[in-house]
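Beneath this line is the structure, given in structure tokens, with notes to follow.
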Amino acid sequence: MTTSSHPYHYTECGLDYVYLAGGVETRQTPFGDQLTIVNQKGLHRAIGKFLVARKKELTGKEVRFLRHEMDMSQPTLARYLGVTDQTVHNWEIGKTTQVPEPAARMIRMIYSEAIGQKSNIKKTLKRIADLENEIDELITFISNEQNWRQTRLKAA
């Protein structure tokens, strides 16, 4: 078994920019060299946490990486986000140039929740529900013969 002193370009994760310094072992086998990543699960967790914490827009490849790490299908992620399966597919293959920021935020929160990090997803979902309740209110104007004033009535 040997360990390389050069950074290893780890394209197997699906992201073009990941390099590993250490943690890569090569073993001789009858079929050729076999490359092993030490604690691959931990490495993928570290990459996922990096993607969630980073302020940069998520790319389709990053969405795919996070989705795979959550062991989630495209249809399941689409249902969580309120989009179509095709939309998630288009993000992941790069057909759509940008993942919308609200969807990226939700993906980050869902991933954080999946790995047991505090994500404030419950607080965010409550805010969304509160906004939907406000949208469901009817705005009514009441007249007192001379002036009009606004009042809010709940939708039936």
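A dipole drawn for region 40-149 from +1 and -1 charges on Cβ atoms has a positive end, and of A53, V63, T84 the residue lying farthest that way is A53.
Report the paramagnetic label zone for N90: residues of region 41-68 whose backbone N is under 14 Å from a point 7 Å from Cα along the Cα-to-Cβ axis. Hits in region 41-68 for N90 at 14 Å: 60.
Tell me, what is the FRET efficiency for K49 and T29 to the nearest 0.05, using R0 = 25 angstrom and their Cβ-Cβ distance as r? Before the final figure, lay out each step's value.
Working: r = 33 Å, r/R0 = 1.31.
For R0 = 25 Å, the calculated efficiency reads 0.15.
Taking Lys and Arg as +1 and Asp and Glu as -1, the other residues whose beta-carbon sits under 12 Å from that of D33 total 0.
Take the Cα of N39, step 7 Å toward its Cβ, do the same at A21, and the gap between the two points is 1.7 nm.
Using only the alpha-carbon atoms of region 40-149 as identical scatterers, what base-10 log of I(q)/I(0) does the Debye formula give at q = 0.12, 0.13, 0.14, 0.24 Å⁻¹? Log10 of I(q)/I(0), two decimals: -0.49, -0.55, -0.61, -1.38.
No lab work stands behind these numbers, since they all come straight from the coordinates. Please read these numbers as outputs of a predicted model, since none were measured by experiment. Virtual Cβ from ideal backbone geometry, glycine too; neighbours counted across all protein chains shown.
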